[in-house]
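Reading through the structure tokens given below for one structure.
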Amino acid sequence: GAALLGKEAAVFVPTCTAANVAALLKLGEPGRAVVLEREAHILTSEGVGISPLARLRPVTLTGARGHLEPHRVAEAVTVNDAAVVCLENTNTSAGGAAISARETAELAAVAHEHDAAVHLDGARLANASVALGVPLAALAAPVDTVSFSLNKGLSAPFGALLAGQADTIGAAREHLKALGAGTLHKLGIF
């Protein structure tokens, strides 16, 4: 999974939601902001992971079909002392709009330039890969962490991956244990 996503390490988790929360817990710092598109799935459907668990302040930007503008991301990161920028590919609320590798790289460069980490909610990254004709690793290359759903686009019965640098994934494993998503010891029904 890590090689497929072009990352050093990966951990298997039961859901993409758990992967996203673990990433925010690792990359964020309580009280700081997380910048994301206002209709991002991680906010609209998984919002409990942002404030109550990771203790981050969501700062939302309006994107055109889920696409964010780099200069607006830079401003939001700077003005709001953001620790993390979250991207989504494909963007669920924008009808599955795919974000190009070039656009992801531009947004990640802006975030990194302002000392913010970048997490990619790549639950549907396989769909973006097919739509754009680009390998998964190319779409995930510029980000620090990427979640990847195994049942969306790949038709696995359940599960997801969280991938990134080895030390980041090591820390995320500890967060997953605290979330109750660190082990899958009763898998009989699956």
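Charge dipole of the range 74-171 (Cα centre as origin; +1 on each Lys and Arg Cβ, -1 on each Asp and Glu Cβ, all else neutral): 540 debye, rounded to the nearest 20.
Evaluating 6.51 cos²θ - 1.76 cosθ + 1.60 at θ = phi - 60° for every residue in the range 5-15, the Karplus couplings come out as 9, x, 10, 6, 8, 8, 10, 7, 9, x, 9 Hz, glycine and proline recorded as x.
Among LYS26, LYS152, LYS177, the largest mean-square fluctuation in a Gaussian network model of the chain (Cα springs under 10 Å) belongs to LYS177.
Taking amide H as placed 1.01 Å from N in the peptide plane, the amide H of ALA160 sits under 5 Å from that of VAL13, THR15, LEU150, each at least 5 places away or on another chain. Dipole size of the chain about its Cα centre, with +1 on Lys/Arg Cβ and -1 on Asp/Glu Cβ: approximately 600 debye, rounded to the nearest 20. Close amide H partners of GLU37, meaning residues 5 or more places away or on another chain with modelled amide H under 5 Å apart, are LEU61. Figure legend: label point modelled 7 angstrom from the Cα of ALA138 along Cα→Cβ; residues of the range 63-100 with amide N under 12 Å from it are 100. Measuring nothing but protein heavy atoms, the accessible surface of the chain at 1.4 Å probe radius is 54 percent carbon and sulfur.
Rolled with a 1.4 Å probe across the full set of protein chains, the surface gives SER93 an accessible area near 70 Å².
Potential lengthening of the chain between GLU174 and HIS112 amounts to 19.8 nm, from the contour at 0.36 nm per residue minus the alpha-carbon distance.
Our coupling estimate for the range 68-83, obtained by passing each phi through the Karplus curve with A = 6.51, B = -1.76, C = 1.60 and θ = phi - 60°, is 9, 8, x, 5, 6, 5, 4, 5, 5, 5, 5, 5, 9, 6, 7, 8 Hz, Gly and Pro reported as x.
For SER51, the residues 5 or more places off, or on other chains, whose built amide H falls under 5 Å of its own are LEU56.
Phi-derived couplings, Karplus 6.51 cos²θ - 1.76 cosθ + 1.60 at θ = phi - 60°, listed residue by residue for the range 89-96: 9, 7, 8, 4, 5, 9, x, x Hz, with x used for Gly and Pro.
Here LEU61 and GLU29 are evaluated by their C-beta separation; at R0 = 22 Å the FRET efficiency comes out at 0.65. Given the alternatives (1) 1, 7, 14, 18, 18, 15, 12, 8, 5, 2, 0, 0; (2) 1, 9, 18, 23, 23, 16, 7, 2, 1, 0; (3) 1, 7, 9, 10, 10, 7, 5, 4, 3, 3, 3, 3, 3, 3, 3, 3, 3, 4, 5, 4, 3, 2, 1, 0, P(r) over Cα pairs in 5 Å bins from 0, in percent as computed for this entry is given by (2). List the relative contact order of the chain as a percent without decimals, with contacts defined as Cα pairs under 8 Å and 6+ residues apart. That works out to 29 percent.
The values are calculated or read from the model by the stated rules, or taken from the named source; none is laboratory data. Not measured: the values here are computed from a predicted model. Because the Cβ atoms are built from the backbone with ideal geometry, glycine has one as well, and the counts that use them run over all protein chains shown. To get the accessible areas, we keep the full protein, side chains included, count just its heavy atoms, and leave off ligands, DNA and RNA. Shrake-Rupley method; radii C 1.70, N 1.55, O 1.52, S 1.80 Å.
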